[in-house]
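Trainee: One structure, as structure tokens, below. Some questions next.
The values are calculated or read from the model by the stated rules, or taken from the named source; none is laboratory data. None of these values were measured; they are calculated from a predicted model. A quick note on method: Cβ atoms are made from the backbone with ideal geometry, for glycine too, and the neighbour counts reach across all protein chains shown. SASA here: full protein model, heavy atoms, side chains in, ligands and nucleic acids out. Shrake-Rupley method; radii C 1.70, N 1.55, O 1.52, S 1.80 Å.
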Amino acid sequence: MNLQVIKNRIRKILAYTVTAILFIIISSFLIIQIPPVQNRIIGGFLKEFSKITGFNASMKSFRMLWFDRLELENVVVYDLENNKMISAKSILINFKVSQLFNKNNVNIDGVFLDSAHVFLTKINESDTARDLNFNVFINHINQHYGGSGEGNGKPPQINIGEAFINQSAFTYINQDQDSIKNGFDYNHFKLNIDEGQLKSFMILGDTIEFDLRTLLVEEQKTKLNIKQISTFYRLSQGGMEFIGLNARVGESIISDTIILKYNSQLDLENFAEKVDVHAVLKNTIINPYDLALFASGAENLRKPIRINGVFNGRVNNFKLTKMDLGIGNTHLIGSLDMDGLPVVNETFIVVNLRNSKVDPKDLSFLFNDDVNSRLIPFGIVTMEGQFLGYPNDFVANGKFSGRLGTLQSDINFKINEENANTSSYSGKLSMTNFKLGEYLEDTVNFQRVSLNGKIAGSGLTLQTADFQLDGKITSVGIRNYNYKNITTNAHFASENFSGFLRINDPNLKFEARGSIDLRKRRDIINIQATLDTANLYALHLSPDHLVLHSKMDINLKGLSLDSLTGTANLNDFYIEYKKDSLHLDSISLRATRDKQKRLLNLKTSLVDVVVNGDYYFSDLYTDITTLFKELLLNIQNDRKDIDEYYSKKKDTPKSYQVNFKADLKNIKPI
């Protein structure tokens with residue numbers, strides 16, 4: 001047999017073989033399209049599926065578009081309580097036969113899901129346990145492969161190269177919890193998915209992961225839109241990860257990494273207390289109205305929050321480091337610890353700041369109107385330091401500079417929420433050129449103050465202030481005079497002073513110890529003082545030149561003439577008025593009262609006077625003034641002035657009894 005004959009026979013054999021293979025393939029393809037054959041294949045597949053998972057499933061039909069493309073129609077997976085857990089109108093699968101089953105794994109090139117619906121709800125896993133139906137589904141698969149001895153004892157790994165989702169939905173219903181009427185209902189919600197694209201989808205045991213390229217979603221109740229989201233996503237019974245996250249949710253932007261850790265997915269129902277969060281936030285913007293859907297009251301923020309930093313912990317107890325946080329004009333750099341959310345007033349807060357600034361208007365949501373009325377006058381404040389405590393009971397330790405001046409404090413501040421003006425405080429305080437008058441809304445009597453010392457008390461207004469100050473006031477503006485070098489360890493309140501005070505000002509050198517109590521008409525003055533120099537004209541307290549000098553020991557009750565009782569002793573008394581001056585070695589005043597009987601005893605180095613009787617000091621003073629004026633008129637004896645005076649005089653003197661006794665020692669100085 002020659003070589004040509006052999007070649008011809010080989011060609012015929014190859015041709016018949018290829019033809020036979022093609023015939024078998026085409027015949028198989030056509031046979032698979034026959035409904036009875038499809039039903040038998042579907043029945044066998046569903047029976048095996050139910051055996052492995054314990055869940056029933058149904059499928060209307062499938063079509064082999066070619067040997068590497070399969071279309072399934074009306075696929076439904078029922079959970080153990082006959083809920084439609086997974087359903088899809090159409091599933092188009094693209095695969096390579098050679099790679100479909102590789103080492104017991106399932107490898108699929110691509111999947112297209114149309115009108116799919118995933119329904120998650122709690123079902124009874126056993127007589128004593130309940131879990132999400134999808135978790136029960138995964139557990140059954142793992143138990144089958146892990147406990148039956150089939151294969152290598154491991155569940156198959158399902159790999160899908162690319163998946164597309166169109167017009168689908170995700171629903172979660174927790175029958176064990178009531179619905180939340182306002183905002184996002186964590187226990188009952190439905191996500192309508194317009195479209196989505198996934199890559200590198202993988203299921204292994206209880207772990208699902210994929211690379212999410214795009215997803216357009218709307219939450220059915222709140223109408224919250226996810227306009228775009230891309231991330232690497234991983235889900236398991238122990239955690240949930242969003243790596244490389246870039247999401248636009250409503251008007252908010254979230255990036256870059258969020259990792260959730262928990263003991264089981266059931267912990268997600270108590271997210272704030274049971275889920276550990278690790279998040280690296282970059283250029284994240286949270287819109288308050290979006291946040292309000294998940295945390296009631298957040299809409300009070302009114303302005304978007306800009307966040308950069310590393311978040312670690314649980315929502316009710318977390319720490320934010322490398323913090324760069326902004327809201328409105330407020331910009332905070334440093335770290336933040338919060339323990340106690342979601343109840344803000346019961347949350348312990350530690351804020352460490354550097355190179356930061358705060359606009360009280362941006363943080364007005366934290367406080368009531370009274371508190372805000374005391375904070376807003378500070379304006380935008382730059383700060384470095386630490387805030388430690390609760391919103392209504394905290395320690396502020398740092399340096400604060402703003403339009404009113406500079407404060408440096410280490411003060412515990414307790415806010416009285418019923419009346420913020422009576423809030424209490426204690427600690428160290430330093431002020432530099434602080435505009436006290438503007439803060440107290442009284443620029444006529446008070447201007448700037450610089451001080452350094454310890455303070456403890458309450459009250460934030462001139463009327464409510466009641467505090468102990470131990471320190472040095474470098475300068476303080478009162479009635480447009482800037483007093484300098486004041487040392488004090490005293491208690492100050494509206495109409496009350498007690499303690500020690502020293503003033504070493506060029507126009508007022510004064511040292512005093514004692515108390516002045518003018519509250520509720522007590523009018524008690526008990527002072528031991530040395531007035532070395534008091535230039536009242538320079539202090540803007542007199543329209544004319546007036547200088548005083550004296551040592552004083554005063555123990556009086558009453559400020560009006562008619563109520564005056566007690567003693568006042570002045571030693572080394574000196575007065576300059578205009579061009580005249582007077583010096584007295586001593587002045588001693590004693591005033592007593594027994595019912596209507598009054599006694600005034602005045603002793604000086606020039607004259608001693610005793611006045612007693614049934615009288616009022618005010619009447620006596622008026623009548624003596626009138627008497628001296630009339631005596632002077634008669635001594636001058638100017639008839640015109642006398643007639644004019646008596647023509648205008650209308651007052652009639654009161655009737656009373658008074659006895660005078662005067663011992664004139666030296667009239668010349670007078």
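Trainee: I'd like the carbon and sulfur percentage of the solvent accessible area for the chain, probe radius 1.4 Å, heavy atoms only, ligands and nucleic acids excluded.
Mentor: Carbon and sulfur: 55 percent of the exposed surface of the chain.
Trainee: While we're here: Can you tell me, using C-alpha contacts under 8 Å and at least 6 residues apart, the relative contact order of the stretch 454-562 as a whole percent?
Mentor: It comes to 16 percent, rounded to a whole number.
Trainee: How far, in degrees from 0 to 90, does helix 35-53 lean away from the longest principal axis of the Cα atoms of the chain, to the nearest 10?
Mentor: 50
Trainee: At 222 nm, what helix-only mean residue ellipticity would the chain give, in deg cm²/dmol to the nearest 500, using -39500 (n - 2.57) for each DSSP H run of four or more?
Mentor: -5500 deg cm²/dmol
Trainee: Can you tell me the orientation of helix 617-636 relative to the chain, as the angle in degrees between its alpha-carbon axis and the longest Cα principal axis, to the nearest 10?
Mentor: 50
Trainee: Taking only C-alpha pairs under 8 Å that are 6+ residues apart, what is the relative contact order of the stretch 160-243 in percent?
Mentor: The value is 24 percent.
Trainee: Now for a different question. Which entries in Lys520/Lys557; Lys322/Lys357; Lys484/Lys551; Lys357/Lys399; Lys551/Lys665; Lys597/Lys654 show an alpha-carbon gap greater than 19 Å?
Mentor: Distance filter (> 19 Å) returns Lys484/Lys551; Lys551/Lys665.
Trainee: Among Ser424, Ala396, Leu407, whose Cα projects farthest towards the positive end of the dipole of the stretch 373-447, with charges put on the beta-carbon of Lys, Arg (+1) and Asp, Glu (-1)?
Mentor: Positive-most Cα among the choices belongs to Leu407.
Trainee: Report which label in (1) 222; (2) 268; (3) 176 holds the value of volume of the Cα convex hull per residue in Å³ derived from the coordinates of this structure.
Mentor: Among (1) 222; (2) 268; (3) 176, the one derived from this structure is (2).
Trainee: Moving on to the next point. Just the number please: accessible area per residue for the chain, 1.4 Å probe, all protein chains included, in Å².
Mentor: Computed with neighbouring chains in place, this is 57 Å² per residue.
Trainee: Give me, ordered by chain and number, the residues 5 or more places off Thr533 or on other chains with an amide H under 5 Å from its own placed amide H.
Mentor: Excluding prolines and chain starts, which carry no amide H, the hits are Lys509.
Trainee: Also, quick follow-up: Along the charge dipole of the chain, which of Leu375, Thr321, Thr626 sits closest to the positive end, that is, farthest toward it, with unit charges on the beta carbon of Lys, Arg, Asp and Glu (+1, +1, -1, -1)?
Mentor: Value: Thr321.
Trainee: About the Cα centre of the chain, how large is the charge dipole given +1 on each Lys and Arg Cβ and -1 on each Asp and Glu Cβ? Please answer in debye to the nearest 20.
Mentor: In total the dipole reaches around 1260 debye.
Trainee: Rounded if a/c is under 1.5, else prolate if a/b is larger than b/c, else oblate: which is the stretch 178-289, with a ≥ b ≥ c the root eigenvalues of its Cα gyration tensor?
Mentor: rounded
Trainee: Heavy-atom accessible area of Leu460 with all protein chains present, probe 1.4 Å, nearest 10 Å²?
Mentor: In the full protein context, Leu460 sits at about 30 Å².
Trainee: Here is a follow-up. Sort Ile486, Ile516 by heavy-atom solvent-accessible area, probe 1.4 angstrom, most to least.
Mentor: Ile516, Ile486
Trainee: Using only alpha carbon pairs under 8 Å that are at least six residues apart, calculate the relative contact order of the chain and give it in whole percent.
Mentor: Across the chain, relative contact order equals 4 percent.
Trainee: Quick check: the angle from helix 639-648's long axis to the longest principal axis of the chain, C-alpha only, nearest 10 degrees?
Mentor: In the chain, helix 639-648 runs at an angle near 40 degrees to the longest axis.
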